[in-house]
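What follows draws every value from the coordinates through simple rules; no lab data is involved. Note that the structure is predicted; figures quoted are calculated from it, not measured. Here the Cβ is made from the backbone with ideal geometry for all residues, glycine too, and neighbour counts use every protein chain on show.
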Amino acid sequence: MEVLDLITDLARRVCETHGLDLVDVEIFRAGRRRMVRVYVGKAGGVTIENCARVSREMSAVIDAENWLGEDNYVLEVSSPGLDRAFKTLADWKRNVGRNVRVTTREKHEGKSLHVGKLLSADENEVTLEVAGKTPKEIKEGPKQVVIPMALVALAKIEIKLS
């Protein structure tokens, strides 16, 4: 088994024991050190204590099993951040209730960019509540837009600075 697979499996198990989702694992060289980055998430957000627990438990196993050999390494555990694109269905589900920006591969309902509140997501489609922009649309109130997952090119949390 490859080191990335071993560490990903470990991260998944540790996350599950703490009620977290494993979002991604990256391993790469940075000078003489190996960097191991683990991204975790959960509905409502990740705390520093969540990250610290995962880091402590993972580093104990990585060291005991000697998966990285004699290489010095840095283990970083964090949330994926607000500007990260959704990669998995778990990313979608974790963000239900938040405003998202969805870009489609081709126009869907006359648009290729849809911004709205994520109501639901499954393997086949996502449903957004989209507010109108024109006076007529505003008067009609928000509408639901169902986008086939196969059309989604990119999706992220919609960040609004006020």
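Observations on the model:
- Neighbour counting of Cβ atoms within 10 Å sorts the residues Y73, Y39, fewest neighbours leading, into Y73, Y39.
- Dipole axis of the stretch 17-106 (+1 Lys, Arg; -1 Asp, Glu on Cβ), positive-most option in H18, F86, N50: F86
- The orientation-averaged shadow of the Cα convex hull for the chain, equal to a quarter of the hull surface, comes to 12.2 nm².
- Magnitude of the charge dipole for the stretch 1-137, about its Cα centre and with charges confined to Cβ atoms of Lys, Arg (+1) and Asp, Glu (-1), is about 700 debye.
- Sequence of D63, D21 once ranked by neighbouring C-beta atoms within 10 Å, starting from the fewest: D63, D21
- Hits among lysines - C-alpha to C-alpha of K111 under 25 Å, sequence gap 8 or more where chains match: K87, K93, K133, K136, K139, K143, K156, K160
- For GluC sites (Glu not before Pro), the sites in the stretch 59-135 that DSSP calls loop and that have at most 15 other Cβ atoms within 10 Å are E70, E109, E123.
- Exposed trypsin sites (Lys or Arg not before Pro) absent - longest run of the chain, DSSP non-H/G/I/E/B, at most 13 other C-beta within 10 Å: 33-86
- Lys/Arg +1, Asp/Glu -1 at C-beta; the stretch 89-157 dipole; positive extreme among V96, P148, V130: V130
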